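The values are calculated or read from the model by the stated rules, or taken from the named source; none is laboratory data. Everything numeric here is computed off the predicted structure, so don't read it as measured data. Don't worry about glycine lacking a Cβ; one is built from the backbone with ideal geometry, like all the others, and counts go over all protein chains shown. These accessible areas exclude ligands, DNA and RNA; they are computed on the full protein's heavy atoms, side chains included. Shrake-Rupley method; radii C 1.70, N 1.55, O 1.52, S 1.80 Å.
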Amino acid sequence: MEEDLFQLKQLPVVKFRRTGESSRSEEDGISGEHEVQIEGVRPELEPVELGDGAAVPKEFANPTDDTFMVEDAVEAIGFGKFQWKLSVITGLAWANAMEMMILSILAPQLHCEWRLPSWQVALLTSVVFVGMMSSSTLWGNISDQYGRKTGLKISVLWTLYYGILSGFAPIYSWILVLRGLVGFGIGGVPQSVTLYAEFLPMKARAKCILLIEVFWALGTVFEVLLAVVVMPTLGWRWLLILSALPLLLFAGLCFWLPESARYDVLSGNQEKALATLKRIATENGAPMPLGKLVVSRQEDRGKMRDLFTAHFRWTTLLLWFIWFSNAFSYYGLVLLTTELFQAGDVCSISSRRQEVKAKCSLTCEYLTEEDYTDLLWTTLSEFPGVLVTLWIIDRIGRKKTMALSFLVFSFCSLLLFLCVGRNVLTVLLFIARAFISGGFQAAYVYTPEVYPTATRALGLGTCSGMARVGALITPFIAQVMLESSVYLTLLVYSGCCLLAALASCFLPIETKGRGLQESSHKEWGQEMVGRGSHSPG
């Protein structure tokens, strides 16, 4: 008896563990495939070394985890053909910059054609920002409640419809209402960044979101080139209709867009999320992680109070001021550029203002070819901002990138106090615009990263709404205050950006190198930092 017991002890211990994605019951799983692990017996396997950034072979993809989250799947699948397609399609929505750039072309044209006074011309610009400000939070709420794809599609189709309709406006009051409705739709287009970011692996997220901002610059350049061709022949009505082309193209391609897998998991739709992840893996030619997709705890989505919990209260308040300062300074610089170029330098503005006061408010001038050339060169200054931000954002972090952008803008604003020549003035204005646009782009990277999935769209929407408040106020500084004191005007912009730089430094969370947070019930930083940081155990 003792001899038999001794022999039994010498036998290897066999453990069984079921693998794969099956959700069958235990009774059904008896006849399924199992993995046999024999302790004490080590198979002869050669070690495999992967180069930095190399894809994990299919046979080694997530071999031991029984469950995985959406973040795990996105990181394992990586960046590929699916993300390239998504970049182009969401970029078409982001090219709505044409609807913004058209304001600088449409205003002087209607001023002359309909003999509008100056305040009515200014109202054409302001009403667009009013529409954007009033709708940004609403679109964010819709995206958190009903899905990112749903909110984006409705906002783009809304903008497309009223953008085309405004080309048929018979009188001023009609076009004022219609452009306000266009602004209402544009307020939801930033949700494309939310949808885009939730499909990007950690290492590619910052660069990709910055590169999609290139579509904004391309949209403004295309608008100027389109105006050069259309305005002399077909007129402003056709310009309004043709400016909707990118959104029309997006509307035709949006059927391809999937809903965010992160949103589906959060809303309890596990099967749909898994199908989306499998689709991405198939298009990218990458393996899906083995195991079962974990269903995150369902939460109330799109609630304003979640932006002011203990973890996010200061982040929300500081981001609101940062976004306000970005739009306030960016659009203020656009308005100041025209004034400063026409005067020659800061010291000449006061004398030029005396001459302008003597002119009739109905005096108008149509845009010339030289004016379009100046608009084009001013727009091209956006591209250096993208390149600089792209180079530094993953080196020094999101917070420091925003702080640096505000500091450079503030410094350039102070240098404008000097009576510099036209060439130096041009250089300072271009540097200032490049960096303030770069700060805007860094904010678009940081904001979707810092908020959890349940409030990500709402957080971005409220920040976008605060930016529109800044855009509404800045004409009173860049145009009204400028008439009384150019130095006080420059001091306001410089001081605002200096405070925004401090606000960027005081942000409590740095998102560089972090995965997107899924649940608001976890402390920030509990989410995975990246699959490469997992310990072998």
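General remarks:
- Thr426, Thr489, reordered so the largest accessible area comes first (probe 1.4 Å): Thr426, Thr489
- With protein chains left intact and a 1.4 Å probe, residues in the stretch 66-295 average 35 Å² of accessible area per residue.
- Glu75 contributes an accessible area of around 40 Å² to the protein surface, as traced by a 1.4 Å probe with all chains present.
- A 1.4 Å probe, protein heavy atoms only, puts the accessible area of Glu113 near 90 Å².
- Per atom type, the stretch 66-295 shows carbon and sulfur on 71% of its accessible surface, probed at 1.4 Å.
- For the set Lys85/Lys303; Lys149/Lys303; Lys85/Lys153; Lys81/Lys400; Lys272/Lys292, the pairs lying more than 22 angstrom apart at their alpha carbons are Lys85/Lys303; Lys81/Lys400.
- Cα-centre dipole for the stretch 66-295 with unit charges at Cβ (Lys and Arg positive, Asp and Glu negative), debye to 20: 240 debye
- Projected label distance in nm at Arg237 and Lys278, using a 7 Å step from Cα toward the beta-carbon: 5.3 nm
- For Leu293, the residues whose modelled amide H falls within less than 5 Å of its own, excluding neighbours fewer than 5 places apart on the same chain, are Phe68.
- Relative contact order (%) - the stretch 66-295, alpha-carbon pairs under 8 angstrom, separation at least six: 39 percent
- Under 14 Å, Cβ to Cβ, from Cys505 - net charge with Lys/Arg +1 and Asp/Glu -1: +2
- Length gained when the stretch Phe417-Ser173 is fully extended (0.36 nm per residue, less Cα-Cα span): 83.8 nm
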